[in-house]
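Taking it in order: structure first as structure tokens, then the write-up.
Any read-out appearing in this document is the output of simple, stated calculations on the displayed coordinates, not a laboratory observation. Values in this document were obtained by computation on a predicted structure and should not be read as measured data. Glycine also receives a Cβ, built like all others from the backbone with ideal geometry; neighbour counts cover every protein chain displayed.
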Amino acid sequence: MTKDQPETLGDVTVLRVGVAWKTSGGGRKGIGGIIKRAVGTDLDLACIALGGGEAKRLCWFDNLDAFDNGALVSGGDNRTGKATGDDESIVAQLNAIPAQIDTLVFVVSAFKKGVSFANVEGITLNVYDDDSGQLIGSDMPTISSSGNACAVAKATRTGTSWQIEALNEMATAGSKNELLALGQRHSR
């Protein structure tokens, strides 16, 4: 999975997108860095479901089952980055996504005051065929930005076929509406 080169998902029916990150001292040395690493950093993985260019549903820590049918489900909120493997993940049952949804945009964000991607280490987006557990692709969003949100990938549907593409678009999003606007920029 690379930026601007969509990859057809083929026989994948259950897509899982996960984000992993490391705890960081945020550039602080000494006791300040130790405390910052101990507390961790809270990033959030979200999926914006779009249809006809409009945001229809948001799947994230505040809405774990976007369609109330298991089609788009968040694994919950990790507030520290201290998990093994992916810290947060979202699973999309592609065959159960409502027909009016043509795009799924996956966004990583940090809404806590003073947190940007420059404060976080080792952000990695992983995309899996969840039926087989096989890693389809991996991407590392740019962290040299003072932005606190990144549209990292999108899945688009044409007929019954889905494709996934890396985006890596940094932004600043201080509200849910700004996060939705970031997703809408990547609508079909």
(message) Run the simple label-point estimate for Gln93 and Asp11 please: 7 Å along Cα→C-beta, distance reported in nm.
(response) 2.1
(request) Evaluate the distance, in nm, between pseudo-label points positioned 7 Å from the Cα of Ser161 and of Phe61 along their respective Cα→Cβ axes. (result) 3.8
